[in-house]
Amino acid sequence: MIAELALAAALTSAAPSSDTGASAASRLAAAYAEGLKSASLDTLNSAFAPDGSFFSRDENGRLRRQSFSAALPTWVDGPDPTVRFDVQRIENPTDQLASVTGRLRMATRCYQDQLLLMRLASGWRIVAKTTEQIPCTEALPPRD
């Protein structure tokens with residue numbers, strides 16, 4: 001538990017005011033993937049604003065919205081060493097907003113994700129996430 005808290009703090013610690021949205025986006029995307037990989041709710045909670053929103057579609061194709069405080073606990077049903085989040089694009093239009101587009105791959109599922117970030121009083125946090133399940137047939141780019 002202490003190791004998880006230390007990792008969460010290292011991945012998402014409040015950075016100096018010179019921290020750019022692009023560096024925050026990379027750091028929070030890594031925390032998101034690590035939280036899923038290690039099934040660490042602490043790591044996920046440190047990356048996502050609790051009152052932020054998760055948007056997806058229900059089984060009938062209708063928009064579904066959940067707060068991160070409700071959604072995150074359902075994402076950590078067990079460690080998954082296969083989790084991989086590949087960043088496709090980072091945008092940083094202002095010193096207060098950023099976004100990450102990326103593909104999340106898990107053992108048997110793949111998703112196209114869009115993460116929206118804001119600089120809050122507590123530091124940069126993911127405030128919204130949209131996702132769509134996609135086929136896992138496409139090869140992901142190789143890791144560095």
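The values are calculated or read from the model by the stated rules, or taken from the named source; none is laboratory data. In this text, all values refer to a predicted model and were calculated from it rather than measured experimentally. Here the Cβ positions follow ideal geometry from the backbone for every residue, glycine too, while neighbour counts run over all protein chains shown. Just so you know, the surface numbers come from the protein's heavy atoms only, side chains and all, with ligands and any DNA or RNA stripped out. Shrake-Rupley method; radii C 1.70, N 1.55, O 1.52, S 1.80 Å.
Every residue, every condition in (1) closer than 17 Å to ALA47 by Cα; (2) part of a strand (DSSP E or B); (3) small (Gly, Ala, Ser); (4) modelled with pLDDT of 95 or more, yes or no:
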position: PRO79; (1), (2), (3), (4): no, no, no, no
position: PHE85; (1), (2), (3), (4): yes, yes, no, yes
position: GLN88; (1), (2), (3), (4): no, yes, no, yes
position: THR94; (1), (2), (3), (4): no, no, no, no
position: GLY102; (1), (2), (3), (4): yes, yes, yes, yes
position: MET118; (1), (2), (3), (4): yes, yes, no, yes
position: TRP124; (1), (2), (3), (4): yes, yes, no, yes
query = In the set THR43, THR131, which member is assigned to a strand (DSSP E or B) and farther than 20 Å from THR20 by Cα?
reply = THR131
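Filtering the stretch 27-76 down to residues that are of a type in the set (Ser, Thr, Tyr) and either surrounded by fewer than 19 Cβ atoms within 10 Å (Cβ to Cβ) or over 21 Å from GLY123 (Cα atoms) (or both), which residue is nearest to the chain's Cα centre (by Cα)? Give the derivation first.
Initial filter on the stretch 27-76 (of a type in the set (Ser, Thr, Tyr)): 32, 38, 40, 43, 46, 53, 56, 67, 69, 74.
Of the ones still in play, those that are also either surrounded by fewer than 19 Cβ atoms within 10 Å (Cβ to Cβ) or over 21 Å from GLY123 (Cα atoms) (or both) are 38, 53, 56, 67, 69, 74.
Details: SER38: 14, SER53: 12, SER56: 14, SER67: 14, SER69: 14, THR74: 14 Å.
Here the answer is SER53.
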remark   = Checking VAL127, VAL83 in turn, the sole residue that is open to solvent by less than 80 Å² (accessible area, probe 1.4 Å), β-branched (Val, Ile, Thr) and under 21 Å from SER38 (Cβ atoms) turns out to be VAL83
ask   = Which one of these does ALA33 not meet: (1) at pLDDT below 95; (2) of a type outside the set (Val, Ile, Thr); (3) out of contact with any helix residue (DSSP H, G or I) (no Cβ under 9 Å at 6 or more places or on another chain)?
value = (1)
